[in-house]
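Data block below; observations after.
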Amino acid sequence: MAQKKNRVDAVIIGYGWTGAIMAKTLTDAGLSVVALERGPARDTAPDFEYPRIIDELKYAVRGDLWQPLAKETVTIRHNLDQVAVPYRKYGSFVLGNGVGGAGVHWNGQLWRASPEDLRLRSHIE
Amino acid sequence: MTSSLSRRNLILRSSPAAVAALAFTAAGKNPAHGQSETKNSYVPKYFTADEWRFLNAAVERLIPSDGPGPGAIETGVPEFIDRQMELPYGHGAYFYLQGPFQPDALATLGYQLRYTPRELYRSGIAAADDACRTAAGKAFANLTPDEQDRFLSLLEKNQVQLSGPPAAAFFGQLLENAREGYFADPLYGGNRGMAAWKWIGFPGARADFTDWIDQAGHKYPYGPVAISGARD
């Protein structure tokens, strides 16, 4: 059944680094903001406790904190002339799930940018 | 009688290079190859006896025991893979495996097959052994190391037409899981004794490195620690 909530100025879908910074900026400007997350609630403890959380196979490789693609995925194609196909296994981008955004899904790793990352448009065009 | 994986015996997809790669005879230097699996008392739960022989022989060639570091066999990579098959991962729980399927989709659109990892191994191993028997009269595990390397190379390049999945997809699954088993935390059955971590100098599941941030150029002094707390 639909729930009627109080009206706010802005709704942010996904409260990771990007959403949180946007929310801070908006609330500093005096706006009221609601941020939405899908999936389970998580907190620093116990969900991200050492040493369990630095299991690379479970999180960085299998992606146990990501949206399970078996449950829901997107379709992808490179241009409008192609037939879009399901995104079946994680590759170039990951879809978040649960509380915690990119900072969680990257396992706290921030790799040095490649030369292509820094001139992406030149690289793909 | 030496065996020969020849062009006429394998249905190839292409390339003169592939034909050249196949044109060898097996004067193998190590016919007793595969002996190292006897050191492993692990009994597989998913793989059959024939599949287990293939798997052990294949990962031994991918990460050989006589290579520069510890090999896949003594670090427990086959056990790791077998245990993964029993987990949701093996059953495809992480992947979207419903239709519609577009088998001719570009490789840049990622995995587009319907196989779970379990299915990919089951059909891939059977088809690979069939291809080896057709070409050389032996299952993969009974080929010489040189022949095994050549066959794996053909799989990798998708230059063998398997009766099941695309050869490169099967090889990719095998290589990916072999790497995972070699380098993942020992709690999953591979990387025994953290041998792979010790070899590359990886400190494992250590909590933080803040004491070392301002010590550029200093060698990190500690050996690896596992998630279980085990240390070297």
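Could you tell me which residue of the stretch A:31-88 is nearest to residue B:186 (Cα to Cα), considering only residues that are among the small types (Gly, Ala, Ser) and under 18 Å from the mean Cα position of the chain (by Cα)? It would help to see each step written out before you state the result.
Start the filter on the stretch A:31-88 by keeping residues that are among the small types (Gly, Ala, Ser), which leaves A:32, A:35, A:39, A:41, A:45, A:60, A:63, A:70, A:84.
Remaining after also requiring under 18 Å from the mean Cα position of the chain (by Cα): A:35, A:39, A:41, A:60, A:63, A:70.
Working: A:35: 39, A:39: 30, A:41: 29, A:60: 16, A:63: 18, A:70: 27 Å.
Taking the candidates together, the pick is A:60.
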task = Looking only at the stretch A:5-17, decide whether some residue is in contact (Cβ under 8 Å) with a residue 40 or more places away in the chain and either on the phi > 0 side of the Ramachandran plot or in a helix (DSSP H, G or I) (or both).
result = yes
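So which residues in the stretch B:121-131 are under 23 Å from residue B:44 (Cα atoms) and not basic (Lys, Arg)?
If the condition is that a residue be under 23 Å from residue B:44 (Cα atoms) and not basic (Lys, Arg), then B:121, B:123, B:124, B:125, B:126, B:127, B:128, B:129, B:130 are the ones that fit.
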key: Some residue of the stretch A:93-114 being of a type in the set (D, E, K, R), closer than 19 Å to residue B:94 by Cβ and either out of contact with any helix residue (DSSP H, G or I) (no Cβ under 9 Å at 6 or more places or on another chain) or free of Cβ contacts under 8 Å to residues at least 40 places away in the same chain (or both)   = no
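When the residues of the stretch B:71-103 are narrowed to those that are crowded, with 18+ Cβ neighbours inside 10 Å and among the polar types (S, T, N, Q), which ends up nearest to the other protein chains (Cβ to nearest Cβ)?
Residues of the stretch B:71-103 crowded, with 18+ Cβ neighbours inside 10 Å: B:71-73, B:75-85, B:89-90, B:92, B:94-97.
After this cut, where a residue has to be among the polar types (S, T, N, Q) as well, the list is B:75, B:84.
Values: B:75: 14, B:84: 9 Å.
In this case the residue turns out to be B:84.
Have a look at B:118, B:122, B:133 and point out the one that is more than 8 Å from chain A (Cβ to nearest Cβ) and free of Cβ contacts under 8 Å to residues at least 40 places away in the same chain. If you could, list the steps in order and put the result at the bottom.
On the way: B:118 fails: free of Cβ contacts under 8 Å to residues at least 40 places away in the same chain; B:122 fails: free of Cβ contacts under 8 Å to residues at least 40 places away in the same chain.
Result: B:133 is the single residue among B:118, B:122, B:133 that is more than 8 Å from chain A (Cβ to nearest Cβ) and free of Cβ contacts under 8 Å to residues at least 40 places away in the same chain.
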Considering residues of the stretch B:189-232 that are more than 14 Å from every other protein chain (Cβ to nearest Cβ) and either under 23 Å from the mean Cα position of the chain (by Cα) or within 30 Å of residue B:56 (Cα to Cα) (or both) only, the residue surrounded by the fewest Cβ atoms within 10 Å (Cβ to Cβ) = B:201
note = Those residues of the stretch B:174-188 which are within 14 Å of chain A (Cβ to nearest Cβ), surrounded by 20 or more Cβ atoms within 10 Å (Cβ to Cβ) and farther than 13 Å from residue A:56 by Cα amount to B:177, B:178
inquiry  = For the structure I just gave you, tell me whether residue A:102 is outside the structural domain of residue A:23 (by TED's automatic domain parsing) and surrounded by 12 or more Cβ atoms within 10 Å (Cβ to Cβ).
reply    = yes
key: Which listed residue is part of a helix (DSSP H, G or I), over 16 Å from residue B:172 (Cβ atoms), modelled with pLDDT of 95 or more and out of contact with any His (no Cβ under 6 Å at 6 or more places or on another chain), from B:47, B:80   = B:80
message = Please go through the stretch A:25-79 and give me each residue that is surrounded by 18 or more Cβ atoms within 10 Å (Cβ to Cβ), part of a helix (DSSP H, G or I) and more than 10 Å from every other protein chain (Cβ to nearest Cβ), ordered by number.
response = A:59
key: Tally of residues being small (Gly, Ala, Ser), over 29 Å from residue A:91 (Cβ atoms) and part of a helix (DSSP H, G or I) across the stretch B:173-217   = 2
request  = With respect to residue B:169, determine if the residue is within 14 Å of another protein chain (Cβ to nearest Cβ), within 24 Å of the chain's Cα centre (by Cα) and assigned to a helix (DSSP H, G or I).
outcome  = yes
ask   = Which numbered condition trips up residue B:108, out of (1) closer than 25 Å to residue B:43 by Cβ; (2) among the β-branched types (Val, Ile, Thr); (3) within 10 Å of another protein chain (Cβ to nearest Cβ)?
value = (1)
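The values are calculated or read from the model by the stated rules, or taken from the named source; none is laboratory data. Given the structure is predicted, the values throughout are model-derived calculations rather than measurements. All Cβ positions, glycine included, derive from the backbone under ideal geometry; neighbour counts span all protein chains shown.
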